[in-house]
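Here is the structure we will look at, set down as structure tokens.
The values are calculated or read from the model by the stated rules, or taken from the named source; none is laboratory data. As the structure is a computational prediction, the values presented were derived from the model and not from experiment. No Cβ is skipped: glycine too gets one built from the backbone with ideal geometry, and neighbour counts run over all protein chains shown.
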Amino acid sequence: MSYAYLFKYIIIGDTGVGKSCLLLQFTDKRFQPVHDLTIGVEFGARMITIDGKQIKLQIWDTAGQEAFRSITRSYYRGAAGALLVYDITRRETFNHLTTWLEDARQHSNSNMVIMLIGNKSDLDSRREVKKEEGEAFAREHGLVFMETSARTAANVEEAFINTAKEIYEKIQEGVFDINNEANGIKIGQQHSPTNPSLPGAGNQAGSASSGCC
Amino acid sequence: MSNMFSITNIKNRFISVIAPDIPPLPSAHNHQLHRGNISGAASNYQLRMAHQQKKPDKFAYARPRFLQLLTIDELRASADHNVRPIIVPRDTNLLPWGTGYAECVNSGKSEWNEDQAAFARQVLSDPTHTHPDLPYTYFGIFDGHAGYGAALAASHQFHHILHEKLVDCLELLLSRESDNSNQESVFPHPSQFHRRVSKDELIIGALESAFFNMDSLLAQDRDRYRDAGGCTACVALFINGKLFVANAGDSRAVLSQRKISIACVEKKTTSTAIVPATSSEAGADIQEVFAVPFSFDHTPETERHRLLTVARLKPHLMEKQYAAMEYAKRPHMKDLGQRILCRQGTMKGWTYKTLTREDLRMPVVTGEGKRSRLLGTLGVTRGFGDHDLLAINTGTQIKPYLTPQPEVVIRDLSKIVSIPDENNEDGDYGILVMATDGLWDVSENDAVARTVFQTLAKYPTEKHRYTMVAQELVARARGKINDSGHWRLADSKAAATVDDISVIVIPVYQYYKEHVEWEKKYAELQQKRQSVICPSATEAREDEIFLVNGVEKAHVEEEHEDDEEEEVVVEVNRQQAQATIDLEEERHSNIESIKEVVELVDNELTEAISALYAADSTEDDKNSEKDSTVDTPEKTNKSTQQQQQHHRNRNRKDKR
């Protein structure tokens with residue numbers, strides 16, 4: 001399936017906060033209660049539609065364990081968007097956000113859009129981090145914020161799609177150099193601003209894609 | 001994808017892959033420079049490539065199956081040349097015994113990662129059910145060039161070919177009583193050509209002929225499928241308690257080992273006596289880490305002698321374009337008539353000769369080390385494929401200089417006497433690292449061995465510790481990209497590799513353990529068979545074991561001395577094999593008459609073997625250690641006694 005743009009995302013955050021589950025929920029619309037430790041990096045992809053344009057998201061899901069940190073750092077390069085995830089039921093994953101953010105800022109291109117995500121919102125009874133705290137952190141560091149649940153799928157679509165919208169706006173504003181692939185954006189063959197043959201318009205998400213570009 | 005295959009693109013890519021240090025030339029420019037038969041050859045080449053485009057791929061491009069990169073999106077992401085992600089299996093249980101694997105794509109010299117890897121766990125089963133099934137494990141690593149087809153085909157097909165070859169000599173491989181004992185007593189007349197062939201030679205033969213068959217298969221496929229390019233092949237085979245490594249090309253297998261030297265052991269014991277708490281630390285500090293090569297690189301430089309012999313015996317292959325000569329410096333027209341330092345043909349030393357016009361031809365082998373080239377084009381001289389490969393600029397056929405013939409190295413795991421402990425959990429069995437030249441170009445063997453054990457120490461209990469080793473090795477060889485877009489090694493700022501990198505990390509000890517367990521099961525079943533046939537035999541056997549228990553220690557020590565020499569054993573322990581055969585034969589004489597019993601036992605055996613195979617790699621270490629310590633003496637006991645018996649036989653024979 002052809003796309004107008006391809007955006008590369010990276011998902012980062014402490015181990016066990018639900019990075020792989022967020023990806024699985026977004027690409028496959030399912031939840032896996034027990035997920036193996038991610039070793040290295042895994043990939044996912046899905047087509048979405050923004051402003052009537054087909055946009056492919058290529059998502060890099062990284063290992064959260066400290067041991068993988070140096071390898072993960074090399075994956076920030078060439079990412080247009082990042083989902084920085086913490087677990088609302090584990091305070092320490094929130095406390096580590098500053099380190100993650102420093103890493104991300106240092107190793108990515110300066111225009112990378114970062115979305116802060118407080119995951120596991122379904123476990124409200126075990127909550128250790130208030131929603132307001134997440135909002136405050138995001139405001140302070142200029143991030144977009146959302147609480148999600150990979151289990152119930154609440155806000156998962158929105159998290160990925162809102163990030164894409166922000167990147168798309170930056171492209172429209174001419175902030176991104178879209179000809180440099182190191183910025184995490186690739187132009188596809190489908191360029192026309194409005195393509196009548198496309199199913200649906202606006203911010204509706206397309207189906208999970210398995211086709212080739 | 002189609003636009004990528006425009007002729008010039010292909011050609012440029014093809015040239016840069018084969019000879020990366022030679023800048024790609026636009027073909028038109030090329031024609032103007034060299035008129036006559038050269039441009040003719042080039043246009044033939046273009047015609048052929050144009051024709052090639054219409055043919056399909058035999059196998060759709062994919063990464064090794066155990067990586068589970070199933071969609072084109074995942075494939076594309078994994079081939080990101082700007083980031084070069086390190087890919088490891090998402091499910092480490094797919095590889096046997098926690099075997100580690102990691103890979104990384106090149107920095108842009110070819111669209112896809114042209115390395116491939118494969119493994120297979122198979123069983124050789126006897127159709128007549130007289131022998132127990134023989135399990136084996138195979139790993140292969142293939143470094144492709146001038147396309148991904150050859151390596152991809154090898155990763156899909158090689159193990160099937162190898163399996164067929166092993167099945168071909170099945171009855172000889174499985175037999176324990178074989179006809180050798182009879183042959184030994186009757187010395188054939190020399191004119192009868194009666195040669196005894198060992199099991200090792202059969203396995204080497206299976207590997208060698210499989211290499212040749214794989215190459216022929218690629219030759220046959222040229223008519224129907226797109227040009228596959230070529231690839232190296234490095235294959236490890238664990239069978240019958242032995243490790244066989246067969247290699248053709250410049251991929252490499254290296255055994256990483258560590259040893260506590262005797263002086264250090266003393267130190268360790270004294271420190272244990274004084275301060276027991278630090279003993280393990282002291283032990284860890286003085287462990288000596290070293291690397292033993294298990295393959296030899298085949299490059300124009302290392303194979304210079306063979307290549308020049310080919311050129312000398314078949315001068316027409318050079319098509320009057322090349323010289324079977326080597327010059328200390330490149331001769332020029334202005335040097336004609338002057339003396340020049342050179343070596344001719346297969347000479348090792350250098351001598352002077354007067355420069356003639358013929359000396360201005362390009363030497364068959366040029367350059368040194370990693371940059372050495374055959375016919376100015378190819379940097380690797382053994383492997384599969386390359387059937388249509390032509391030399392840059394001259395269009396001369398390269399394939400006649402190449403061969404799929406592997407060199408095979410053997411290690412008899414049952415000859416290693418080492419009981420792994422917490423300081424050295426792999427014992428003297430070591431860790432086998434198989435990797436493409438992406439790793440070896442920038443890492444010394446010993447440095448790799450150090451990284452192996454450093455990383456294992458960091459992850460003492462993790463199931464994926466060997467994967468971490470593979471990942472670390474790839475990460476170091478790939479290095480980091482700097483601001484100007486060059487890949488640099490982290491520690492030295494030297495250039496990192498821009499090539500594809502693939503690494504397999506194999507804990508060898510597990511295959512010894514596996515074999516011991518298999519032997520034990522086999523012996524138990526033999527015993528069962530016997531007790532069914534004649535119940536008194538069981539008692540006799542117990543006596544036998546008890547009787548030799550004292551001998552066992554001496555025997556082990558004796559073997560340990562052999563081991564200390566640290567040689568790669570390329571020889572069979574014929575005595576042991578023969579002795580086992582003798583004993584087995586006695587037992588077998590009764591068996592044949594009672595077919596039902598045999599069948600019953602065989603069913604059990606099949607179950608036992610499948611149980612063995614199903615055994616989780618994460619099985620309790622304590623248990624397995626206990627097993628191995630119990631098993632080893634029992635095994636050696638048997639062989640010691642049998643050896644004695646064999647000596648007696650031999651003496652009798654010699655007298656005759």
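Quick notes on this one:
- Meets criteria (outside the structural domain of residue B:501 (by the TED database), in contact with a helix residue (DSSP H, G or I) (Cβ under 8 Å, 6 or more places away or on another chain) and charged (D, E, K, R)) for residue B:415: yes
- Residue under evaluation residue A:116, criteria (1) of a type in the set (A, V, I, L, M); (2) more than 14 Å from chain B (Cβ to nearest Cβ); (3) within 20 Å of residue B:76 (Cβ to Cβ), criterion not met: (3)
- Only one entry in B:123, B:105 is assigned by the TED database to the domain that holds residue B:161 and modelled with pLDDT of 95 or more, namely B:105.
- The lone exception for residue A:55 - which of (1) more than 16 Å from residue A:12 (Cα to Cα); (2) away from chain B (no Cβ under 14 Å) it fails: (2)
- Subset of the stretch A:73-101 (residues that are crowded, with 21+ Cβ neighbours inside 10 Å, within 13 Å of chain B (Cβ to nearest Cβ) and out of contact with any helix residue (DSSP H, G or I) (no Cβ under 7 Å at 6 or more places or on another chain)): A:75, A:79
- Tally of residues being within 11 Å of chain B (Cβ to nearest Cβ), within 12 Å of the chain's Cα centre (by Cα) and more than 10 Å from residue A:61 (Cα to Cα) across the stretch A:18-38: 1
- Residue tally, condition touching a Gly at 6+ places or on another chain (Cβ under 6 Å) and surrounded by fewer than 24 Cβ atoms within 10 Å (Cβ to Cβ), over the stretch B:238-253: 0
- Matching residues, the stretch B:402-423, being under 30 Å from residue B:299 (Cβ atoms) and not hydrophobic (A, V, I, L, M, F, W, C): B:403, B:404, B:405, B:406, B:407, B:411, B:412
- Of all residues in the stretch B:73-128, those satisfying the criterion of being surrounded by fewer than 19 Cβ atoms within 10 Å (Cβ to Cβ), among the acidic types (Asp, Glu) and more than 9 Å from chain A (Cβ to nearest Cβ) are B:111, B:126.
- Of all residues in the stretch B:348-394, those being at positive phi and among the small types (Gly, Ala, Ser) number 5.
- Identity of the residue in the stretch B:58-72, aromatic (Phe, Trp, Tyr) and in a loop (DSSP other than H, G, I, E, B), that ends up farthest from the other protein chains (Cβ to nearest Cβ): B:59
- From the list A:56, A:120, A:130, the one residue that fits, being more than 18 Å from residue A:151 (Cβ to Cβ), of a type in the set (Lys, Arg) and buried (at least 21 other Cβ atoms within 10 Å of the Cβ), is A:56.
- Residue B:459 being out of contact with any strand residue (DSSP E or B) (no Cβ under 7 Å at 6 or more places or on another chain) and farther than 30 Å from residue B:382 by Cα: yes
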